1. Go through the range 67-101 and count every residue that is among the acidic types (Asp, Glu) and farther than 15 Å from PHE8 by Cα.
2. Name the pairs whose Cβ atoms lie under 8 Å apart, with the first residue in the range 105-119 and under 11 Å from SER16 (Cα atoms) and touching a residue at least 40 places away in the same chain (Cβ under 8 Å), the second assigned to a helix (DSSP H, G or I) and among the charged types (D, E, K, R), and 6 or more positions between them or separate chains?
3. Among the listed residues ASP67, ASP82, identify the single one that is exposed (fewer than 15 other Cβ atoms within 10 Å of the Cβ) and of a type outside the set (Lys, Arg).
4. Search the range 34-64 for residues being touching a Phe, Trp or Tyr at 6+ places or on another chain (Cβ under 9 Å) and aliphatic (A, V, I, L, M), and hand back the single one that is nearest to VAL159 (Cα to Cα).
5. Any idea which of VAL49, VAL14, VAL19 is of a type outside the set (Gly, Ala, Ser) and either assigned to a helix (DSSP H, G or I) or at pLDDT below 95 (or both)?
6. Residues that are in a helix (DSSP H, G or I), more than 15 Å from the chain's Cα centre (by Cα) and modelled with pLDDT of 90 or more: does the range 104-121 have at least one?
7. Please give the helices (runs of 4 or more DSSP H) falling wholly within the range 125-187 in which 1 or more residues are under 22 Å from GLU7 (Cα atoms), at pLDDT 80 or above and β-branched (Val, Ile, Thr).
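The values are calculated or read from the model by the stated rules, or taken from the named source; none is laboratory data. Just so we're clear, the structure is a prediction, and the values are computed from it rather than from any experiment. Every residue, glycine as well, gets a Cβ built from its backbone with ideal geometry; the counts of neighbours run over all protein chains shown.
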Amino acid sequence: MGARALEFAALTAVRSQEVRGARWEEIDLEAGMWVIPAQRMKMERQHRVPLTPEAVAMLDALPRLKDNPLVFPAPRGGEMSDMTLSAAMKRLHAAVLASGGEGFMDRVSKRPAVPHGLRSTFRDWVAERTHFPGDMAEVALAHKVGNSVEASYRRGDMVEKRRAMMAAWSNFLIEKDRAGADIVRIG
């Protein structure tokens, strides 16, 4: 379940705490939309997350535990810890190293990558490899956009435009890279 939560975090670029607390009632698989309530968000504002077909298929394949509203429950039924996602990422890194690969290293700190680095990778990808505007990426990351005056007038969340951006991100994560090497699958 930790590997699936890590995969979902990568596909959606949301914080691990929001993934760990995700509830089935927040997700509309048919519409491909996850609405995270304000009380679960760092910025204390509702956040709509457009779900790609890959994210929907992954969620659709997950078991639903009776009397447990969590999408990614811990083995004993409560919310999984942040260490669960970190441990899944460490196992993935170790498996790639063991197969002769380079693993997943933070290019700045030179330490093994951590789940929050997926969000940073998403932001770098938008800035360096796409035509999508930076403020759209900031909305996807649930960051504050602009100054207080701009924020008071800006009420939209560009959700349909972000749907296209998240589809491109999903393709980047899942498809083969330009050299033809397969992208490492989580879990």
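1. The initial filter retains those residues of the range 67-101 that are among the acidic types (Asp, Glu), namely 67, 79, 82.
Narrowing further to those that are farther than 15 Å from PHE8 by Cα: 67, 79.
Residues meeting the conditions: 2.
2. PRO115/ASP82
3. Values: ASP82 fails: exposed (fewer than 15 other Cβ atoms within 10 Å of the Cβ).
That would be ASP67, the only listed residue that is exposed (fewer than 15 other Cβ atoms within 10 Å of the Cβ) and of a type outside the set (Lys, Arg).
4. So in the range 34-64, the residues touching a Phe, Trp or Tyr at 6+ places or on another chain (Cβ under 9 Å) come out as 47-52, 55, 58-59, 62, 64.
Those still in the list that are aliphatic (A, V, I, L, M) too: 49, 51, 55, 58-59, 62.
Details: VAL49: 7, LEU51: 10, ALA55: 16, MET58: 21, LEU59: 20, LEU62: 25 Å.
Only one residue fits best here, namely VAL49.
5. Details: VAL49 fails: either assigned to a helix (DSSP H, G or I) or at pLDDT below 95 (or both); VAL14 fails: either assigned to a helix (DSSP H, G or I) or at pLDDT below 95 (or both).
Just a single option satisfies the conditions, and that option is VAL19.
6. Filtering the range 104-121 for residues in a helix (DSSP H, G or I) gives 116-121.
Applying the additional criterion that residues be more than 15 Å from the chain's Cα centre (by Cα) yields none.
Looking for residues that are in a helix (DSSP H, G or I), more than 15 Å from the chain's Cα centre (by Cα) and modelled with pLDDT of 90 or more, one finds none in the range 104-121, hence no.
7. On the way: elements: 134-140, 148-153, 159-174.
The helices (runs of 4 or more DSSP H) meeting that bar are 134-140, 159-174.
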